[in-house]
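To start, the structure itself, in structure tokens.
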Amino acid sequence: MSRPAPQPLALAPCSCSAPTRKHNHDHDHDHDDDHAAHDSHDHGIDGAWWQSEQFRFVLATVIGLAIAYGIGLARPAWSPWLFGVSALVGAWPVGRRAAAAMGRGKLFTIESLMVVAVAGALVIGEAEEAAVVVILFLVGEMLESISAARARAGIRALADLMPRTAARERGDGTEDVPIAALRVGDILRVRPGDRIPADGVIVSGQSTLDESPVTGESIPVFRAEGTSVLAGTVNLTATLRLRVEKDAEDNTIARIIKRVEEAQESKAPTARFIDRFSRWYTPAAMLAAAITILLPPLVFGGDWHVWAYRGLSLLLIACPCALVLSTPAAIASGLAAGARRGLLMKGGAALEAMGTVRGIAFDKTGTLTAGRPKVTDLLALDGSEDAALRLAAAVEQGSTHPIAHAIIEEARQRDLAYPTADDVTAIAGKAVHGRVDGRRICVASPRYAASEATAMPAAARDAIQRWEGGGKTAVVVLSDRDVVAVIAVRDEPREDARQGLAELRALGVATVLLSGDNRRTAGTIGQSLGIDVKAELLPDEKLGEIATLKSAGPVAMVGDGINDAPALAAATVGIAMGGGTQVALETADAALLRDRVRGVAELVRLSRTTLANIHQNIAISLGLKAVFLATTLMGTTTMWMAILADTGATVIVTLNALRLLRFGLRSDA
């Protein structure tokens, strides 16, 4: 791309994880951080971890500690000084961050905990412990960075799907231009093997496209003239000419990255609760450590050195890194896993809420159905089906009516060649007339056809009645006032609609169809899919239905049209089909890029899996602290064991969260 690839995913809005945007351990979560207080090695790991400045600093500190240990063996008297210097050097960047935070009025940060613990260890003569504590803390930060960078890479790789240049037509040839220079209306040529450089519409040519990089759909799809294509997909078989429909900053890839960046800024409810908890937890931990140091010696005559050591160990045990990271790490991994499968969420709040929904309302057209009518039945009364369809297609070509598109598409599916009709005229809502092969051809509604035809055959009347009773739209083909065929069209359910609804029911989620269509058509679709139906609803009536459903518990709404936008906004979670209107996509909390009904069930499973992961992380972080708190007060935990326990808990929590990146790759996901 012509501009730097965005950094779409930072694992934690809390700053105890190294891969956050500014890598700040500040638990007050003020994002207006003082960059001057940050050392270069604290910006996370984006390339090979062994080439990062963070790794080089940690390695240098470890080598310094090893040298101090070696010299100390030969000169024992020097050991306290050598280990003290090693501890101070390693703690220097931590101290700078602590000082910067204090300068902004934030006294109780993880950096301040570390500074107090290290300083206290040096004061009581435990320089070797202080040095080891610093090393373990720095190694823990680096391990978090390495682990979390894997989650970032999955989303950031989306930016790499875009080619840097595109072949734009100019005169009789083409010119290579940067992607950022493309404008709506430009005509591009895309050769076999090239990536589609922009969201657009094919103006000539047909080819098979690999859409898996964007939508996750593993089977290549056929695209022909007039169909839309997505930026980042791969053209496989033939050269295409396409018209750019969206600027570079608004194409599919850019929208995905923007959506994940927005999600990063939106904290989940659990994360907000833990943020509030950590604000009083950290000062409470420091108070508890102070009481541990002072109370036993002052009141019970305890040994100052022993209780100072235990208090400092308690301070390290209380470090809330793992607890604060437990939720944002899981949420970020869940968002990344979903985006890789074409499931986009606007934020952690929506991801959490999706797992709690007890009911999901669906729009019909373009959601449970494909949104494009297709020919379902054809009755030929004079000649063959293909002959009748050829006449209808000849008259309907050039029309923008959905029924015309269905007839033309059916003719293409049958590989029928049809001539261009002459003297084509349309009567809105009634018929289209034209002359084909010297005959006057009319494609009309049944009522209009009855008034025009010399006679309406009984077979035609029966077919019309039967098909319309099944929620289909019938049209009659006349040739010189004689009925030659009856064609039925209907917007059919998506191929995976029945399975998707069945999966939701298996998850214990109730479903209902809310449609503005007539009762007969909506009822037929609902019956075929096994879903309750409420039809002939205006947009404000859909809002009322959503409010009723919400009174029984959290509810999601799935839609694709402008008329769905109010209901999408009113639902606990609004879900837009990826092929829907821009209004629906902007209003909704989630989007299904693959246009699959099964994606809704996948969202529910992803959310529930993420929530379970969060609960596991919280249990791990609090459980380990409880165990080591007890052992510290009993005097069986050393300072280096305390920091190792905290660092270990943080790494375990991070790695557990990263398991979510495998969502959908296992049968249990």
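The values are calculated or read from the model by the stated rules, or taken from the named source; none is laboratory data. None of these values were measured; they are calculated from a predicted model. So basically every Cβ, Gly included, is an ideal-geometry build from the backbone, and we count neighbours across all protein chains shown. These accessible areas exclude ligands, DNA and RNA; they are computed on the full protein's heavy atoms, side chains included. Shrake-Rupley method; radii C 1.70, N 1.55, O 1.52, S 1.80 Å.
Return the ratio Rg/(2.2 N^0.38 Å) for the stretch 341-456, where Rg is computed over Cα atoms only. Don't skip to the answer; put the middle values down first.
On the way: Rg = 20.8 Å, N = 116, 2.2 N^0.38 = 13.4 Å.
Relative to the rule-of-thumb radius for its length, the stretch 341-456 sits at 1.56.
Taking a temperature of 25 °C and a viscosity of 0.890 mPa s, what whole-number D in µm²/s does Stokes-Einstein yield for the stretch 382-536 with Rh from Kirkwood over alpha carbon pairs? Spell out each step's value before the answer.
Values: Rh = 17.1 Å.
Here the translational diffusion coefficient equals 144 µm²/s.
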| Using every alpha carbon pair in the stretch 330-393, what percent of pairs falls into each 5 Å bin from 0 up to the bin containing the largest distance? | 3, 12, 14, 11, 12, 9, 7, 5, 6, 8, 8, 4, 1, 0
| message | I'd like the accessible area for Thr548: 1.4 Å probe, protein heavy atoms, all chains in place, Å² to the nearest 10. | response | 80 Å²
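Order Arg414, Arg56, most accessible first, counting only protein heavy atoms with a 1.4 angstrom probe. Provide the component values of the computation, followed by the final result.
Details: Arg414 75, Arg56 125 Å².
Solvent-accessible surface, decreasing: Arg56, Arg414.
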| How large are Rg and Dmax for the stretch 586-643 when only the alpha carbon atoms are used, in Å? | 20.6, 60
| remark: Placing each pseudo-label 7 Å from Cα in the direction of the beta carbon, Ala288 and Glu175 end up separated by a distance in nanometres of 6.8 nm
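Keeping every protein chain in place, order Glu452, Glu536 by accessible area at 1.4 Å, biggest value first, i.e. largest first.
Working: Glu452 55, Glu536 90 Å².
So, going from the largest accessible area down, we get Glu536, Glu452.
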| field | Area accessible to solvent at Asp194, 1.4 Å probe radius, in Å² | value | 50 Å²
| field | Alpha-carbon radius of gyration plus Dmax, which is the widest Cα pair, for the stretch 292-410 in Å | value | 34.5, 111
| By accessible area of protein heavy atoms, probe 1.4 Å, what ranking do Trp467, Trp304 get, highest first? | Trp304, Trp467
| field | With eigenvalues of the C-alpha gyration tensor scaled by 5 and rooted, the stretch 499-550, Å | value | 20, 16, 6
| Hey, how many Å between the Cα centroid of the stretch 374-449 and the Cα centroid of the stretch 68-90? | 92 Å
| In the structure displayed, which of Lys364/Lys430; Lys346/Lys472; Lys346/Lys374 lie more than 32 Å apart, Cα to Cα? | Lys346/Lys472; Lys346/Lys374
